[in-house]
Amino acid sequence: MADMQAALADVLASIDDITVRLRPGAVQELAASGDRSLVPRVQAALERCLDDEDHEGVELLAGILAGIRGTRAFPLLLRAVARPVKHEWEGLQATLAGLMAADPAGCRPAVLAFAAERHRDLRCAGLWALGHVVTPADVELLEAALRDADRRVRGTALGALSELHGDERVVPAMVGMLRDPELGLRSGALMSLGYYGDLAALDSMVALRTDPSVLVREVLSVAVAQLLAPTWRPSTKAATAAQAETARAALRELLGDENRSVRGCAERALARL
């Protein structure tokens, strides 16, 4: 026990002073120790690092806490990742993703509770996490989030929904996002539909060739090419001749777009087809 307390003191010292060199393997030993007496000090230091937006310190301490407490640490860490910061908590997100991969059933109750929160940041943290443990039972929850007034909630829900494959309700929900007032979400929906590979979405996608956003018109070409000539996942169904012509006609129209970048995207997409 004393050795683990000393090892934790070394980790904390290295967080406070960059000149202190951390012994290789110290963090892993603490995480695997199972020593719950360390938890109060780890949690206190984690709170301080979160307040200071010390991403490296947060990553180290979250890894130790997750190793000692496992899924029991998940709600606390998920609440931590909800904190608004200039840069995402990538290391903390990786720790949470590891906990969800190891025990999805154990993490789901907390995920669903957060996803139902009224506070936007907590809700978005839950919706983000839901993308790692999503099941068909969550489609209605995600569809409701796609109709939320907050663009961040809608965008996070779209990301989670894109992880759910094989449910016939997913593509219509994504198609509905093509009408979202936020150009970033329209373009995100286009890319999700292109990757998802359901040709039933093609007509709705090409309707955005006259979208006022340059970004959306650029992404449209990429998404259409991905839909008809998949490179990231095997195609589930070949396009009919009529669907292929619909796609090419939309891309040829974009070749005459007023924006040079849009024209370039369309040219490259036609070359792929």
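What follows is calculated from the coordinates using simple rules that are stated; it is not laboratory data. Being a predicted model, the structure only gives us computed values, none of them experimental. No Cβ is skipped: glycine too gets one built from the backbone with ideal geometry, and neighbour counts run over all protein chains shown.
For the charge dipole of the stretch 143-262, defined by +1 on Lys and Arg C-beta atoms and -1 on Asp and Glu C-beta atoms about the Cα centroid, which residue among 241, 259, 175 has the Cα displaced farthest towards the positive pole?
Sorting the options by dipole projection puts first 259.
Label-point separation (nm) for residue 116 and residue 48, each offset 7 Å from Cα along Cα-to-Cβ?
Reported label-point gap for residue 116 and residue 48 is 3.7 nm.
For the stretch 24-127, what class follows from the C-alpha gyration tensor (a ≥ b ≥ c being the square roots of its eigenvalues): rounded when a/c is under 1.5, otherwise prolate if a/b is larger than b/c, else oblate? Display every interim value, and only then the final one.
Numbers: a/c = 1.94, a/b = 1.30, b/c = 1.49.
Oblate, since a/c reaches 1.5 and b/c is not below a/b.
Could you tell me the extents of the stretch 195-258's C-alpha atoms along the three principal axes, largest first, rounded to whole Å?
Extents along the principal axes: 34, 22, 17 Å.
Grab the beta carbon distance between residue 16 and residue 151, set R0 = 25 Å, and tell me the FRET efficiency rounded to 0.05. Can you show the working numbers first?
Numbers: r = 38 Å, r/R0 = 1.53.
For residue 16 and residue 151, the calculated efficiency is 0.05.
Add +1 for every Lys or Arg and -1 for every Asp or Glu among the other residues with Cβ under 12 Å from the Cβ of residue 246, and state the total.
Values: positive: 209, 248, 252; negative: 203, 245, 253.
Charge balance near residue 246 sits at 0.
Anyone know which of 116, 32, 241 comes out most mobile in the 10 Å Cα GNM of the chain?
Ranking 116, 32, 241 by mean-square fluctuation puts 241 first.
Can you classify the stretch 132-245 as rounded, prolate or oblate using the Cα gyration tensor, where a ≥ b ≥ c are the square roots of its eigenvalues, rounded means a/c under 1.5, and otherwise it's prolate if a/b beats b/c and oblate if not?
On the way: a/c = 2.04, a/b = 1.22, b/c = 1.67.
Oblate, since a/c reaches 1.5 and b/c is not below a/b.
Determine the calculated [θ] at 222 nm for the chain from helices alone, applying -39500 (n - 2.57) to every DSSP H run no shorter than 4 residues and normalising by the residue count; nearest 500 deg cm²/dmol. Can you show the working numbers first?
Numbers: 16 runs with 185 residues, N = 273.
Taken over the chain, the calculation gives -21000 deg cm²/dmol.
Take the Cα of residue 169, step 7 Å along the line toward its Cβ, and report every residue of the stretch 109-124 whose backbone nitrogen sits under 20 Å from that point.
Backbone N within reach: 109-117, 124.
Round to the nearest 10 and give me the degree value, 0 to 90, for the angle of helix 55-69's Cα axis relative to the longest principal axis of the chain.
Tilt of helix 55-69: around 70 degrees.
Taking Cα centroids, how far is the stretch 47-93 from the stretch 9-44 in Å?
14
On a 0 to 90 degree scale, rounded to 10, what angle separates helix 241-254 from the longest Cα axis of the chain?
80
Can you give me the convex hull volume of the Cα atoms of the chain, divided per residue and expressed in Å³? Intermediate values should be presented prior to the final figure.
Numbers: hull volume 42.0 nm³, N = 273.
For the chain, the hull spanned by Cα atoms encloses 154 Å³ per residue.
Gap in Å between the Cα centre of the stretch 166-204 and the Cα centre of the stretch 111-125?
So the two Cα centres are separated by 24 Å.
Could you give the length gained by full extension between residue 140 and residue 102, i.e. 0.36 nm per residue of separation minus their alpha carbon distance, to one decimal place?
Details: separation 38, 0.36 × 38 = 13.68 nm, distance 2.55 nm.
Full extension from residue 140 to residue 102 adds 11.1 nm.
Compute the long axis of helix 2-16 from its Cα atoms, compare it with the longest principal axis of the Cα atoms of the chain, and write down the angle in degrees, 0 to 90, nearest 10.
Around 50 degrees separate the two axes.
Can you bin the stretch 1-73 into rounded, prolate or oblate? Criterion: square roots of the alpha carbon gyration tensor eigenvalues sorted a ≥ b ≥ c, rounded for a/c under 1.5, prolate for a/b above b/c, oblate for the rest. The partial results should precede the final answer.
Details: a/c = 1.71, a/b = 1.14, b/c = 1.50.
Since a/c reaches 1.5 but b/c is at least a/b, the shape of the stretch 1-73 is classed as oblate.
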